[in-house]
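Trainee: The structure under discussion is supplied below as structure tokens; questions concerning it will follow.
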Amino acid sequence: MIKLILLIFFSLVSFGCNATSCVISEKSIIEQSKVYKSLVHIEVTKNNSLLTIVLNAPHEIRGNGITGVILHKEINDYGDNGFSIPLRFTVEEDKAIAWFNIDKKTAKHIFLSLDYGEDCGISIQYSIPL
């Protein structure tokens with residue numbers, strides 16, 4: 001009897017699942033990076049073996065607010081290990097500003113990734129000019 005009641009109950013109750021996914025292609029990142037390159041400024045100041053890098057970028061692109069700035073280091077054939085580190089940014093006068101210090105030796109093959117909007121927003125990437 002209990003099995004019959006549970007069967008009727010679960011037949012009447014609707015269980016649903018909704019999922020979305022988004023894949024931003026490398027081609028899309030390259031194209032978007034070219035479009036917005038003039039709006040993103042990366043300044044490098046050298047002080048002996050230490051580099052100070054300052055990023056100035058729009059706080060919003062096409063109505064999408066900035067949601068993340070990530071520092072990446074590529075893994076390469078010379079034995080350098082890769083990493084990705086989220087950077088804290090502030091918004092001042094319609095600009096997103098992030099900065100960090102890094103040793104010259106570690107700074108080879110690094111780039112910044114900026115994400116705008118939620119879910120399938122805009123992603124752009126720029127190499128750090130050394």
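Here, each number is a calculation from the coordinates, and none is a lab measurement. Everything quoted here is computed from the prediction, not taken from an experiment. In this analysis, Cβ positions are derived from the backbone assuming ideal geometry, glycine residues included, and neighbour counts consider all displayed protein chains.
Trainee: E93 to I2: extension gain in nm, 0.36 nm per residue of separation minus the Cα-Cα distance?
Mentor: Computed gain between E93 and I2 is 26.2 nm.
Trainee: Using a/c under 1.5 as the rounded threshold, could you call the range 24-127 rounded, prolate or oblate? The axes a ≥ b ≥ c are square roots of the C-alpha gyration tensor eigenvalues, and prolate needs a/b larger than b/c, oblate otherwise.
Mentor: oblate
Trainee: At E60 and E43, where each label point lies 7 Å from the Cα along Cα→Cβ, what is the point-to-point distance in nanometres?
Mentor: Between E60 and E43, the simple spin-label model gives 2.5 nm.
Trainee: Tell me, what HN-Hα J-couplings in whole Hz come from the Karplus equation 6.51 cos²θ - 1.76 cosθ + 1.60 at θ = phi - 60° for each residue of the range 106-118, using x for Gly and Pro?
Mentor: 6, 6, 5, 6, 10, 8, 10, 10, 10, 10, 10, x, 9
Trainee: With θ taken as phi - 60° and the coefficients 6.51, -1.76 and 1.60, list the Karplus ³J(HN,Hα) couplings across the range 34-44 in order, rounded to whole Hz; mark glycine and proline as x.
Mentor: 5, 4, 9, 4, 5, 8, 10, 10, 10, 10, 10
Trainee: Oh, and also: Any idea what log10 I(q)/I(0) is at q = 0.17, 0.21, 0.26, 0.30 Å⁻¹ for the range 82-130, Debye with uniform C-alpha scatterers and no solvent?
Mentor: Rounded to two decimals, the profile gives -0.64, -0.93, -1.23, -1.35.
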